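What follows draws every value from the coordinates through simple rules; no lab data is involved. Values in this document were obtained by computation on a predicted structure and should not be read as measured data. Don't worry about glycine lacking a Cβ; one is built from the backbone with ideal geometry, like all the others, and counts go over all protein chains shown.
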Amino acid sequence: MSRLSLFFVLLLTGCSLTQTTPQPPPPVQAQAQEITRAQSTTLTRLGTVSVSVRGSPDDAARAIAAKANEAGAKYYVIQMVSETVMPGRWYSTAVLYGPSANAGGAQ
């Protein structure tokens, strides 16, 4: 019986790790900014972008930032950065956000 209790305690503890406390996003800048998921709760979701680049994980993150700027997003959350089956080729996806509709663009 103690193993079952331990299982449920671990299960509930794991669930609490996925919860986030909402935080305000940083002030809007001229360039799109990477934010955390907790900072995106009040923002308007604009869409997603993905890139596939040769280089490093940093190159993939820079390519995401460039695509976010091209799309006119003010913020983005990188969802995934992964090396493909080809060594040195990186794939990344991100969610783009704009200022919240009820804030009128001011954060």
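For region 23-101, how big is the tail of P(r) above 18 Å, as a whole percent of Cα pairs? For region 23-101, the fraction of Cα-Cα distances above 18 Å is 38 percent. To the nearest ten degrees, helix 2-17 and the longest principal axis of the Cα atoms of the chain are 20 degrees apart. Hey, what did the chain get for relative contact order, percent, Cα under 8 Å, at least 6 apart? Normalised by residue count, the contact order of the chain is 30 percent.
When shorter helices are ignored and each DSSP H run of at least 4 residues is given -39500 (n - 2.57), the per-residue value for the chain at 222 nm works out to -9500 deg cm²/dmol.
Any chance you could give the angle, 0 to 90 degrees and rounded to 10, that helix 57-71 forms with the longest Cα principal axis of the chain? In the chain, helix 57-71 runs at an angle near 60 degrees to the longest axis.
Counted by Cβ distance under 10 Å from Tyr97, the other residues give a net charge of +2, where Lys and Arg count +1 and Asp and Glu count -1. In terms of the mean number of neighbouring beta-carbon atoms within 10 Å, the peptides 35-46, 70-81 order highest first as 70-81, 35-46. Between Gly47, Phe7, Gly98, the Cα set farthest toward the positive side of the dipole of the chain (charges on each charged residue's Cβ, about the Cα centre) is that of Phe7.
Annotation: amide H of Val28 within the under-5 Å range of Gln107, sequence separation 5 or more or interchain, hydrogens built in the peptide plane. Computed from point charges on the beta carbon alone (+1 for Lys and Arg, -1 for Asp and Glu), the dipole magnitude for region 21-70 about its Cα centre is near 120 Debye. The distance between label points at Glu70 and Asp58 comes to 2.2 nm (points 7 Å beyond Cα on the Cα→Cβ vector).
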